[in-house]
Amino acid sequence: MEKTDIPPLLIVGCGTWSPWFENWDAFVAKVSGGELEEHGLKAPAASVIPGTERRRAPLPVKLAIEASTQACAAASMDPAQLPSVFVSGLGDTQLTDYMCRTLASENKALSPTRFHNSVHNAAAGYWTISVGCMRSSNSLAGYGVSMPMALLEAAVQANNEQSPMLITFYDAPVAPVLQPLLHNRHAFALALVVTPTSALDAAEDSKALGTLRLSSGAGTSSWPKLGLPAPLKECYETNPAARSLLLAELLIHKNKDNPVTVPLSNGTHMALEIS
Amino acid sequence: MDIRVITYESTSAAGINVSELRRAIDTRQSGLRRNDLPGSSIDTWIGKVPGLEEIELGHWQSRNNALADLAYRQGELEATVEALKTQVGSHRVGVVMGSSTSSIDRTEQAYTELDDGSLAEKYRQAQVHNPDGPALFVAERAGITGPAVTINTACSSSAKAFATAARWLTTGIVDVVLAGGVDTLCLSVLHGFHSLQLVSSNPCKPLDRNRDGINLGEAAGYALLIDADSNPELADQFRNVSPGASVSLRGYGESSDAHHMSHPHPEGAGARSAMLGALATAKLDPGEIGYVNLHGTSSRANDLIEGKQVAALFPSARASSTKAWMGHTLGAAGITEAIICIDALHRDLAPGTLNLDELDDGLELNTSPENTEIPLKYALTNSFGFGGNNCSLLFEKHLR
């Protein structure tokens with residue numbers, strides 16, 4: 001049993017946000033030869049978060065929520081009905097920095113809001129609270145393999161429960177003290193809504209952006225190189241969430257019968273095909 | 001679902017391993033102590049594991065990894081992992097760890113020794129200052145090369161680890177999963193919970209009318225899992241703990257409160273949904289559950305809200321919170337209390353609610369401070385985390 005196939009999933013909605021594009025259409029336009037300039041916004045609107053909460057929501061939370069909102073809208077699916085998997089490879093290092101600085105000082109009193117915002121599942125928490133979703137929500141960390149790990153988790157769960165799922169990849173710039181270790185300088189988020197083929201009827205099938213086929217197998221792999229403009233290339237290589245740019249590329253260009261492999265662990269890889 | 005629990009170990013203030021944990025439960029001996037964590041003057045009680053400072057892990061050094069390492073060395077765990085790796089290949093073994101602190105203890109320490117605003121040499125540990133630290137360390141420590149991930153959903157983390165493990169196993173991603181959790185005491189956690197006014201300056205009293213807050217603790221634990229439905233020979237070959245019976249994960253339920261980051265849903269809707277979800281996936285009626293281990297943190301809010309839901313769903317089951325033995329071990333609470341349930345099934349012994357004097361007036365729970373010897377077949381455990389993240393696990397004992 002050296003290869004395990006996961007039943008195919010339809011990708012029915014995408015959302016994204018980065019310093020260079022604020023949504024999926026802008027991403028597609030820019031990556032197909034448009035200019036790659038920064039739009040200058042420090043954070044996305046994430047307007048689904050209620051006003052008072054939104055003011056105090058940290059950047060990683062806003063990134064995740066913005067991409068998730070877009071993906072659900074594109075899929076024409078009610079966010080409250082979707083189980084979800086959120087993944088951040090690096091966590092909220094700005095909040096870690098705040099807490100460690102405060103605790104290293106004389107006055108160790110922490111802000112209670114910032115403390116409960118520092119849990120790794122803050123994005124999942126804010127999301128489910130903002131959209132009123134009581135379904136299962138997961139929050140993972142997979143360091144360099146965060147992207148395939150979250151994809152695996154969501155795909156397995158979607159099939160297991162025969163349910164559409166939201167998958168959201170997000171990572172924010174690393175705080176200065178930790179940057180020599182964790183590198184990432186960019187904000188990036190991408191979200192997908194996927195559904196098992198059996199959970200959609202034929203009319204809705206045609207709205208799918210692509211069919212995702214995943215398998216896991218023995219032997220590790222290296223990351224494929226993407227033909228991206230320089231700042232996005234650096235993002236892809238240093239922002240664990242931005243490894244999902246590979247999915248975006250495959251979604252636009254498709255790689256039917258020509259699977260691409262990515263590392264899943266030291267002894268396994270994941271093969272990806274989008275048709 | 002028949003996810004066989006081949007072997008398991010637990011390290012907490014109640015005991016360095018399951019054998020010691022049993023002794024603490026039988027003798028009703030709490031492992032809590034007055035807070036003596038260096039650098040912290042908060043007036044509270046904690047569940048501290050002695051000796052972690054002496055464990056040396058080179059570039060993996062952190063209190064969290066030290067505790068993960070200590071637990072991994074207990075009982076038959078390491079030997080069984082080695083035997084299974086030889087049998088199926090190390091790439092067919094997966095790791096799913098739950099943790100909320102992840103090694104922030106090390107990052108805290110690093111910030112007290114900044115060298116001109118930068119991390120000093122010995123703290124330049126990318127794989128430690130990282131939310132995936134626990135799975136990264138355990139995979140390396142155990143020589144496991146299959147998929148490895150850290151789940152961080154606050155206090156439900158290492159309960160959810162079982163659900164993820166079950167899905168990987170039934171899908172055939174791997175043949176074995178080392179599921180577990182680890183969290184350690186650190187200033188972030190003590191001062192963080194203190195800032196939310198959730199911490200008690202007394203030994204905690206879950207479910208008690210006079211409870212006034214939680215005690216924090218640290219723990220690590222592991223459960224080695226095989227899908228007995230798709231891999232019956234492997235599951236039988238490595239049968240576990242007692243010759244007369246085996247215990248399996250039979251069902252799980254996961255839900256969200258959609259209410260508030262640090263306060264549970266006032267009617268316990270998410271908690272109820274998770275418990276019903278576990279019953280549904282297990283295809284069991286509530287009346288069949290013999291023992292329920294509550295999340296029961298000793299906070300004013302959680303215990304009343306959860307307690308009412310448990311009493312309503314499981315009026316005849318023995319119920320208890322066991323957090324007075326080792327404190328609330330956060331991301332490791334799921335694995336710690338899953339192991340207590342699994343062991344309860346093996347021993348036909350439902351632990352009582354240690355430190356309970358008078359049950360909260362609002363509760364009609366079938367609980368008492370004393371342990372109860374009672375034949376048990378099914379047990380359920382709850383773990384609820386910040387952000388309103390809920391997970392319930394249902395375990396079944398099979399007699400041979």
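With labels modelled as points extended 7 Å from the Cα through the Cβ direction, what inter-label distance (nm, one decimal) is found for A:Q179 paired with A:K254?
Between A:Q179 and A:K254, the label points sit 4.2 nm apart.
How much FRET efficiency would the formula 1/(1 + (r/R0)^6) give for B:E54 and B:D115, where r is the Cβ-Cβ distance and R0 is 22 Å, rounded to 0.05?
My answer for the efficiency is 0.30.
Set the Förster distance to 45 Å, then compute FRET efficiency between B:T27 and A:L36 from the Cβ-Cβ distance, nearest 0.05.
Calculated transfer efficiency: 0.10.
Give A:K108/B:K308; B:K160/B:K308; A:K254/B:K283; B:K48/B:K160; B:K122/B:K205 a once-over and call out the pairs whose C-alpha atoms are over 32 Å from each other.
From the list (A:K108/B:K308; B:K160/B:K308; A:K254/B:K283; B:K48/B:K160; B:K122/B:K205), the Cα-Cα distance tops 32 Å for A:K108/B:K308; A:K254/B:K283; B:K122/B:K205.
Which shape class, rounded, prolate or oblate, goes with the stretch B:332-400 when its Cα gyration tensor gives a ≥ b ≥ c as root eigenvalues, a/c under 1.5 marks rounded, and past that a/b bigger than b/c marks prolate?
Oblate.
Pairs of alpha-carbon atoms within less than 8 angstrom and 6+ residues apart define the contacts here; what relative contact order does the stretch B:160-258 have, in percent?
Computed over the stretch B:160-258, the figure is 30 percent.
Which lysines have a Cα less than 24 Å from the Cα of A:K62, not counting those fewer than 8 places away in the same chain?
A:K30, A:K42, A:K233
How large is ³J(HN,Hα), in whole Hz, for each residue of the stretch B:229-238 in order, when computed from phi with the Karplus curve 6.51 cos²θ - 1.76 cosθ + 1.60 and θ = phi - 60°, using x for Gly and Pro?
Running phi through 6.51 cos²θ - 1.76 cosθ + 1.60 with θ = phi - 60° gives 6, 8, 9, x, 5, 5, 4, 6, 4, 9 Hz.
Give the long-range amide H neighbours of A:N138: residues separated by 5 or more places, or on another chain, with amide H under 5 Å away, using H modelled in the peptide plane at 1.01 Å from N.
A:S84, A:V85, A:F86
Note down, for chain A, the three equivalent ellipsoid semi-axes (square root of 5 times each alpha carbon gyration tensor eigenvalue), biggest first, whole angstrom.
Three semi-axes, in Å: 29, 21, 19.
For chain B, with the dipole built from +1 on Lys and Arg beta-carbon atoms and -1 on Asp and Glu ones, taken about the Cα centre, which of B:N210, B:N355, B:I25 lies farthest toward the positive end?
B:I25
Quick one: what are the phi-derived ³J(HN,Hα) couplings along the stretch A:211-217, Karplus 6.51/-1.76/1.60 with θ = phi - 60°, whole Hz, x for glycine and proline?
Using θ = phi - 60°, the values come out as 10, 9, 10, 10, 9, 10, x Hz.
Can you classify the stretch A:211-275 as rounded, prolate or oblate using the Cα gyration tensor, where a ≥ b ≥ c are the square roots of its eigenvalues, rounded means a/c under 1.5, and otherwise it's prolate if a/b beats b/c and oblate if not?
oblate
Read phi for every residue in the stretch B:184-199 and hand back ³J(HN,Hα) as whole Hz from Karplus 6.51 cos²θ - 1.76 cosθ + 1.60, θ = phi - 60°, with x for Gly and Pro.
Once rounded to whole Hz, the list reads 10, 5, 7, 5, 3, 6, 5, 6, x, 5, 5, 5, 8, 6, 9, 8.
Run through the DSSP bridge list for the protein assembly as shown and note the antiparallel percent, rounded to the nearest 5.
75 percent
Sorted by accessible area (1.4 Å probe), largest first, how do B:L359, B:L276 line up?
The ranking, largest first, comes out as B:L276, B:L359.
Can you give me the relative contact order of chain B as a percent, contacts being Cα pairs under 8 Å and 6 or more apart?
Across chain B, relative contact order equals 23 percent.
Please compute the modelled spin-label separation between A:N160 and A:K233, points set 7 Å along Cα→Cβ, answer in nm with one decimal.
So the label points at A:K233 and A:N160 sit 3.9 nm apart.
Comparing A:I49, A:I65, A:I167, which has the greatest mean-square fluctuation in the GNM of chain A with Cα pairs linked when under 10 Å apart?
Maximum among the listed residues: A:I49.
For the protein assembly as shown, place one equal point scatterer on every Cα, skip the solvent, and apply the Debye formula. What is log10 of I(q)/I(0) at q = 0.08, 0.09 Å⁻¹?
Evaluating at q = 0.08, 0.09 Å⁻¹ gives log10 I(q)/I(0) of -0.53, -0.68.
I need the calculated FRET efficiency for the pair B:Q197 and B:E373, taking r as the beta carbon distance and R₀ as 51 Å, to the nearest 0.05.
Plugging the Cβ-Cβ distance into 1/(1 + (r/R0)^6) gives 0.85.
Just check chain B against the gyration tensor rule for me: Cα atoms, a ≥ b ≥ c as the square roots of the eigenvalues, rounded for a/c under 1.5, and otherwise prolate or oblate depending on whether a/b exceeds b/c.
oblate
Among A:S88, B:S321, A:A45, pick out the residue whose Cα is farthest towards the positive end of the charge dipole of the protein assembly as shown, where Lys and Arg carry +1 and Asp and Glu carry -1 on C-beta, about the Cα centre.
Comparing the listed Cα positions along the dipole, A:A45 ranks first.
For a quick check: with amide H placed at 1.01 Å from N, whose amide H comes under 5 Å from B:D348's, ignoring anything fewer than 5 positions away on the same chain?
Long-range HN contacts for B:D348: B:L376.
Straight distance only, please: which lysines reach the Cα of A:K256 with their own Cα at less than 19 Å, same-chain residues fewer than 8 apart left out?
A:K3, A:K207, A:K225
Search the structure for amide H atoms under 5 Å from the amide H of B:I289, placed 1.01 Å from N in the peptide plane, and list their residues when 5 or more places away or on another chain.
Amide H neighbours of B:I289: none.
If the reach is capped at under 17 angstrom between alpha carbons, list the aspartates and glutamates near B:K397, excluding any in the same chain fewer than eight residues apart.
Partners found: B:D2, B:D227, B:D229, B:D236, B:D285, B:E288, B:E337, B:D343, B:D348, B:E373.
Counting only C-alpha contacts under 8 Å and six or more residues apart, can you give the relative contact order of the stretch B:204-329 as a whole percent?
Relative contact order, the stretch B:204-329: 37 percent.
Taking just the alpha carbons, could you work out the radius of gyration and Dmax for the stretch B:1-132, both in angstroms?
For the stretch B:1-132, the Cα radius of gyration and maximum Cα-Cα distance read 17.8, 56 Å.
With the dipole of the stretch B:98-190 worked out from charges on the C-beta (+1 for Lys and Arg, -1 for Asp and Glu) around the Cα centre, which of B:T184, B:Q127, B:T171 lies farthest toward the positive end?
Result: B:T171, furthest along the dipole toward the positive end.
The values are calculated or read from the model by the stated rules, or taken from the named source; none is laboratory data. Quick caveat, the model's predicted, so the values are computed rather than measured. Please note: Cβ atoms are built from the backbone with ideal geometry, for glycine as well, and neighbour counts cover all protein chains shown. For the accessible areas, the whole protein counts, side chains as well, though only heavy atoms, and no ligand, DNA or RNA atoms are used. Shrake-Rupley method; radii C 1.70, N 1.55, O 1.52, S 1.80 Å.
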